[in-house]
Amino acid sequence: MRPILILGFAAVLAACSQPAPEEKAPTEPPAAALPPGRPAVYQAQTEGPEPFVRAVYELTAAGDTAPPPPGRDPIYDRTLNALIGDYFRKAGNEVPTLNYNPICDCQDGTLALQTVTLTPTGEGTADAVVAFTVEGEAKTQTLKLEKEGGRFWKIADILVPGRKPLTNQLLAAIS
C-alpha cells in the first residue's frame, strides 16, 4: 500500500511542477529590420499583407538588381506568373507591350512610396491601394493580394485606374 501512496504523491508533485522552458528556435528578423531586397520581401510575405507590400515597393525603389526570369517571380501568385511567363514566351524576340515594371507602372526612375491602404476582401485575400511617386509624378494602383498556400502573401493582379487589370491585358495578348 505504501508504494502506491508514494507513487500517487510523486504523480501529484509532477503534475504541479513547472515544465522545463521550451527552447525556441531562432526566428528570422522582421522584414522591416532587413535592408531593401529580395530577402526582406520573402520574409515579409509571411508577416502580413502590409509588410509585404511595403517590402515590394522598397525593393523596387532600391532597384531590383537580380530579378527572376519572367514568369518565375515569387512575389506573384501562380496564375499571374504563368500569364507573364506565357506572354514573354509568345513575344519571342519582339519587344513585348509589358516592357515596364508593373509594380511601379514605370521603366525606371526614382520611386517613393507614399501610402498603403489595406482592405481585407476575404479569408486570405486583401486589396492594397498604393499611392507612390515616380520622378515626382503621383500614381495610385491597387494590388490584389492573396495568401497562397495559406502561408505567403503574393500579388494576384494589379489594377491601374483607367486600364484593364493586368491579368486581363496579359490574357488578351496571349489569346
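If you check I174 against the conditions, is it within 21 Å of the chain's Cα centre (by Cα) and under 24 Å from P70 (Cβ atoms)?
Criteria not met by I174.
When the residues of region 83-105 are narrowed to those that are part of a helix (DSSP H, G or I) and open to solvent by 80 Å² or more (accessible area, probe 1.4 Å), which ends up farthest from G71 (Cα to Cα)?
Checking each candidate, the answer is K90.
Please count how many residues of region 49-81 are in contact with a Phe, Trp or Tyr (Cβ under 9 Å, 6 or more places away or on another chain) and over 24 Å from T140 (Cβ atoms).
So the count comes out to 4.
Can you tell me which residue in region 108-132 is farthest from V56 (Cα to Cα), limited to those that are acidic (D, E) and free of Cβ contacts under 8 Å to residues at least 12 places away in the same chain?
Only one residue tops the list, namely E123.
Quick one: in region 71-82, of everything that is open to solvent by less than 70 Å² (accessible area, probe 1.4 Å) and either in contact (Cβ under 8 Å) with a residue 24 or more places away in the chain or not in a loop (DSSP other than H, G, I, E, B) (or both), which residue is farthest from E135 (Cα to Cα)?
Among those that are open to solvent by less than 70 Å² (accessible area, probe 1.4 Å) and either in contact (Cβ under 8 Å) with a residue 24 or more places away in the chain or not in a loop (DSSP other than H, G, I, E, B) (or both), it is A82.
Which one of the conditions (1) under 18 Å from G48 (Cα atoms); (2) open to solvent by less than 80 Å² (accessible area, probe 1.4 Å); (3) in a strand (DSSP E or B) does P120 fail to meet, given that it meets all the rest?
(2)
For K139, all conditions in the list (1) surrounded by fewer than 16 Cβ atoms within 10 Å (Cβ to Cβ); (2) assigned to a strand (DSSP E or B) hold save one; what is the number of the exception?
Every listed condition holds for K139 apart from (1).
The values are calculated or read from the model by the stated rules, or taken from the named source; none is laboratory data. Because the structure is predicted, anything quoted here is derived from the model rather than measured. Here Cβ is always computed from backbone atoms with ideal geometry, including for glycine, and neighbour counts include all displayed protein chains. For the accessible areas, the whole protein counts, side chains as well, though only heavy atoms, and no ligand, DNA or RNA atoms are used. Shrake-Rupley method; radii C 1.70, N 1.55, O 1.52, S 1.80 Å.
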